[in-house]
1. What do you get when you divide the Cα radius of gyration of the chain by 2.2 N^0.38 Å, with N the number of residues?
2. If you count only protein heavy atoms with a 1.4 Å probe, what accessible area per residue comes out for the chain, rounded to a whole Å²?
3. Once Rh is set to the Kirkwood radius over Cα pairs, what Stokes-Einstein translational diffusion coefficient, in µm²/s, holds for the stretch 77-116 at a temperature of 25 °C and a viscosity of 0.890 mPa s?
4. For labels at Arg72 and Val55 in the simple 7 Å Cα→Cβ model, what's the distance in nm?
5. Sorting Asp49, Asp21 by accessible area (1.4 Å probe), largest first, what list results?
6. Would you mind checking the radius of gyration and Dmax of the stretch 27-88 based on alpha-carbon positions, in Å?
7. Ignoring ligands, DNA and RNA, what percent of the 1.4 Å accessible area of the chain is carbon and sulfur?
8. State, as an integer percentage, the relative contact order of the chain based on alpha-carbon contacts under 8 Å between residues 6 or more apart.
Amino acid sequence: VRDARPDNLHLALLVLVLLSDIDHPACGTAFVPGSPAEIARRLAAGPVDLTSRPVAQDVYRAVGRHALTQGRAGDVFLLHPWTVHAAAGGLSGTLRLLANPNLPSTEPVYRPGPPRSPVEAIIRDAIG
């Protein structure tokens, strides 16, 4: 999303569904725990291009750590929709399959007032 603001994003959750086993840690999806709060702070300061690789790299540097998905076919990962994520290197030489369906929200995931969901609570905790 280009020119994203907290009040105009409509993705309810980031869903990763493993369609094959991912046994090697370097073969899953890499994600940055804590990145939703960092993204929220940046969005609160002004519009951000969430499609920008430099923005994602900058968030990764600010948070300072990452994690990798690993699991069995059928496992589902539900992440905050503002989680910085990318495909990992795939060093095992084995084909891996996963689905990343959009799970849209009919309303923005952040609105003024008390949080209506854990997703919104993370945003509110980050920006007040």
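1. 1.09
2. 56 Å²
3. Details: Rh = 13.8 Å.
Calculated translational D: 178 µm²/s.
4. 3.8 nm
5. Ranked list, largest accessible area first: Asp21, Asp49.
6. 12.3, 40
7. After summing per-atom areas, the C and S share lands at 57 percent.
8. Reported relative contact order: 46 percent.
The values are calculated or read from the model by the stated rules, or taken from the named source; none is laboratory data. On a predicted model such as this, the values are computed, not experimentally measured, just so you know. Every residue, glycine as well, gets a Cβ built from its backbone with ideal geometry; the counts of neighbours run over all protein chains shown. Note: areas computed on protein heavy atoms with side chains; ligands, DNA, RNA excluded. Shrake-Rupley method; radii C 1.70, N 1.55, O 1.52, S 1.80 Å.
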